[in-house]
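Accompanying notes for the structure given below.
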Amino acid sequence: SVPAAILSALSASARGGVLFKGGAALERLAAVRAFAFDKTGTLTTGRAEVTGIHAASGDETELLALLAGLEAQSEHPIADAIRRAALAREVVPVLVTAVRALASEGIVGLDPSGAQVWAGNARMLDRMGATEAAAALQTDAAEDTQVWVGRGAQVLGAVRVADAPRETSAAALAALRQGGVQRILMMTGDRRPVALRIGRALGFAEDDIAADLLPADKVKLVELMAETGAVAFVGDGVNDAAALARADVGIAMGAAGSEVALQAADVALMAEDMAQLAAAHRISRRAARIIR
Ligand code: ADP
Ligand code: MG
């Protein structure tokens, strides 16, 4: 049977919107001294903004219409930003079919003429043989995320997207450190300049920021961390599912996160409030002291 101290810790956490899939997960969290956080949609809000549109043809509306069509079904925070930008400009998305998402890379599909169209990062440019064509466009994303858009090997343009830390992220990280957490890393599939901008704002040392990661890279880093003790991974996306499953405690964003991430996780954060995570860690440690 589950000890009373664990039961009451589970319900105290639930009141803060932190839902554990059972008492064992709460006991494991009590032992965690190292945390890894995904960036986009986890440490940052799920509401990114489009900050620039650069169309090779000069027709920004046409570019945004195609991109919004590609992103129509995606649950990625980038897709949400692009759909909102299209809506705000009253741009009607192009009908894109046979859409396929490539984790930590982008989206591919077919436009109404049957041509392959795509959107994504440098990995996608590489896949499409479009790296040089993109460089020729001379756009500079600086510390924002650059979403390249193309048809076949042709680069049609790029859209800049910027995200910002959740209001509660910095305080939650500080509270975890105060509560005895020895190591906290940021792991992201985004570009390093973006990761550094967000990471510095949240007090991360440069060595504790890992960027340009594929889902499997996040798993490898979690495994490295696990060599020295129990690890929690906090994430929101499909790209985080494997790391969530591999960590001693997987923690998923509940309301804004993807279904796949929630299923892989041991804990769901239902409120968009990182402070509740630090509170749950504190509660779990207190319960573990009582039953020991
Ligand atoms: P994070 O690990 O920070 O949550 P992801 O691994 O989900 O980031 O994404 C990494 C990068 O892959 C993004 O910054 C973007 O460049 C690209 N990407 C992922 N999904 C999409 C998408 N739906 N549309 C365009 N680009 C995408
Ligand atoms: Mg994410």
Check: the stretch 144-199 to the stretch 61-129: how many Å between their Cα centroids?
Finding: 20
Margin query: So if I place +1 on the C-beta of Lys and Arg and -1 on the C-beta of Asp and Glu, and nothing else carries charge, what would the dipole magnitude of the stretch 49-162 be about its Cα centre? I want it in debye, nearest 20.
Written below: 280
Notebook entry, point to check: Taking K39 as the anchor, which lysines have their alpha carbon closer than 20 Å to its alpha carbon, excluding any fewer than eight residues away along the same chain?
Noted result: K218, K220
Next item on the list: Can you check what the net charge comes to around R286, using other residues whose Cβ is under 13 Å from the Cβ of R286 (Lys, Arg +1; Asp, Glu -1)?
Entry: +3
Check: Anyone know which of G179, G69, G250 comes out most mobile in the 10 Å Cα GNM of the chain?
Finding: G179
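When all alpha-carbon pairs of the stretch 49-162 are counted, what percent fall beyond 26 Å? The partial results should precede the final answer.
Working: 370 of 6441 pairs.
So the portion of pairs separated by more than 26 Å is 6 percent.
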Item checked: Residue with peak Gaussian network fluctuation, the chain [Cα springs, cutoff 10 Å], from G257, G120, G16 -> G16
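What is the ratio of the Cα radius of gyration of the chain to 2.2 N^0.38 Å, with N the residue count, to two decimals?
That works out to 1.07 for the chain.
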Next item on the list: Might you report the magnitude of the Cβ-based charge dipole of the stretch 139-292 about its Cα centre, with Lys and Arg at +1 and Asp and Glu at -1, to the nearest 20 debye?
Entry: 500
Check: Which residue, S11, S57, S258, has the most motion in a Gaussian network model of the chain that connects Cα atoms within less than 10 Å?
Finding: S57
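Read-outs: derived from the displayed coordinates by stated rules, not from any lab. Every value quoted in this text rests on a predicted model; they were computed, and no experiment measured them. As a convention, Cβ positions derive from the backbone with ideal geometry for all residues, glycine included, and neighbour counts pool all protein chains shown.
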